[in-house]
Amino acid sequence: MWRYSLAMWCAVATIGTAACASETPVDEDIDAVDGKADGATTFKEVNSTHSSATFRRYIERALVYLERSTDPIGPLTAKSIRTGRVKVDELADLTCWDFERVRTDLPDEGLDSSDYFKLQVAGNAPLIAISNAIEGYMWSNRVYVARNLPVARLAAVLAHEVNHVINRSEVGYYDNLPTSAFVHEYRAFHVEALIDPATYAGVNLSDYVVDTYELKRSAIAPELLHQPLTERLLPDTAAWNARRVSADPKDIDADCPSNQ
Ligand SMILES: [Zn+2]
C-alpha cells in the first residue's frame with residue numbers, strides 16, 4: 001500500500017491542475033532542460049541489464065527537476081538516488097518477488113505469477129494493468145515508477161517513494177493498522193506535495209490519505225488525525241545513517257512463485 005491508485009489520482013486531479021499521466025507527452029528534449037548532450041546519467045537501476053536511453057533520460061529529467069527544487073526535500077531525494085542508496089527502475093523491471101507483492105496488492109487486476117515473464121514484452125497487458133493502477137512502488141531500497149508521467153509528477157512520486165524507503169515503510173506500515181499506514185502515507189504525500197504543490201492545491205491531505213487507502217477513520221488515533229505529520233521527512237545524512245538497507249531481508253529468487 002505504499003503506492004496509490006492512478007484511477008483515484010485522476011479523480012482528485014480534476015480539482016487540481018495536474019493531468020492524468022496518459023495525457024502528457026514524455027521525453028521532451030532533455031538537452032533543453034539541463035544542457036546534457038551526451039545522455040550521461042548517474043543513478044542505479046534495479047535491473048541494470050534491461051535499460052534504455054529513453055528511460056534514463058526520463059529519470060534524469062526528474063532528478064534535475066528535484067535538484068532545482070527550493071525545498072531541501074528535492075535535492076536530497078535526487079542525491080539519495082544519484083548516490084545509489086535508492087535504486088530506480090520502471091514497473092516492467094520489477095523483481096520476481098516485487099512483482100508478487102504488486103500482484104497481491106492489486107487483486108482486481110487478476111494477475112497470475114506467470115505474467116511476470118510478460119512484463120518486458122512490448123504492449124503486454126499485465127504491465128498496462130499495473131501501470132494504470134499505480135504510479136510508484138517501493139520495497140527495501142527499490143523504487144519503481146510508471147512511464148509517461150509528466151516531469152513534476154515523476155519527481156513528486158520519487159520524493160514520495162524515497163520517503164518510504166528512509167522510513168522503511170514496507171515494515172512500519174503494518175505495525176499498528178490503520179494508524180501506521182496513515183502515518184506512513186501522510187508523510188509521503190506531504191513530501192510529494194512539497195515537490196508538486198499545484199496538484200494538491202486545496203486538497204486536505206489527511207482526508208485524501210484516509211479516503212484513498214480506505215482507512216477506517218474512527219480507528220486512527222485522533223491526535224494523529226489532528227497533527228498527522230511525523231518524522232522522518234528529509235532523506236539526509238542523519239536519515240541514511242539510521243537506515244541500514246544492507247540489513248533488510250533478502251529475497252530468494254529461486255523461491256519466488258513466478259519461478260516455480
Ligand atoms: Zn505511499
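Bear in mind these aren't lab numbers, they're just calculated from the coordinates by the rules spelled out. None of the values given here were measured: they were computed from a predicted structure. Note that we place each Cβ from the backbone using ideal geometry, even for glycine, and neighbour counts take in every protein chain shown.
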Q: State, to one decimal in nm, how far the label point of residue 44 lies from the label point of residue 124, with both points 7 Å from Cα in the Cβ direction.
A: 2.5 nm
**Q.** Residues whose placed amide H lies under 5 Å from that of residue 89, excluding near-sequence neighbours
**A.** 46, 143, 144, 145
Q) What distance in nm separates the simple spin-label points at residue 104 and residue 230, each placed 7 Å from Cα in the Cβ direction? A) 2.2 nm
Q: Select from the range 196-247 those trypsin sites (Lys or Arg not before Pro) which occupy a DSSP coil region and have at most 15 other Cβ atoms within 10 Å, ordered by residue number.
A: 216, 232, 244
Q: Could you tell me which of rounded, prolate or oblate describes the range 142-205, using a ≥ b ≥ c as the square roots of the eigenvalues of the alpha-carbon gyration tensor, with rounded for a/c under 1.5 and, failing that, prolate when a/b is larger than b/c and oblate otherwise?
A: oblate
Q) Roughly how many whole Å is it from the C-alpha centroid of the range 57-74 to that of the range 118-193? A) 17 Å
Q) Efficiency by 1/(1 + (r/R0)^6): what FRET value for residue 52 and residue 221, r their Cβ-Cβ distance, R0 = 45 Å, to the nearest 0.05? A) 0.50
Q. Within straight cross-link reach of residue 250, meaning Cα distance under 17 Å, which lysines are found once same-chain residues fewer than 8 apart are removed?
A. 87
Q: Quick one: give the max-minus-min coordinate of the C-alpha atoms of the range 39-234 along each principal axis, largest first, in Å.
A: 47, 41, 27
Q | Compactness of the range 80-187, expressed as Rg and Dmax over alpha-carbon positions, Å | A | 14.0, 41
Q | Fully extended contour minus Cα-Cα distance, from residue 174 to residue 250, at 0.36 nm per residue | A | 25.5 nm
Q: Identify the chymotrypsin sites (Phe, Trp or Tyr not before Pro) of the range 124-209 meeting these criteria: DSSP loop state and at most 15 other C-beta atoms within 10 Å of the C-beta.
A: 174
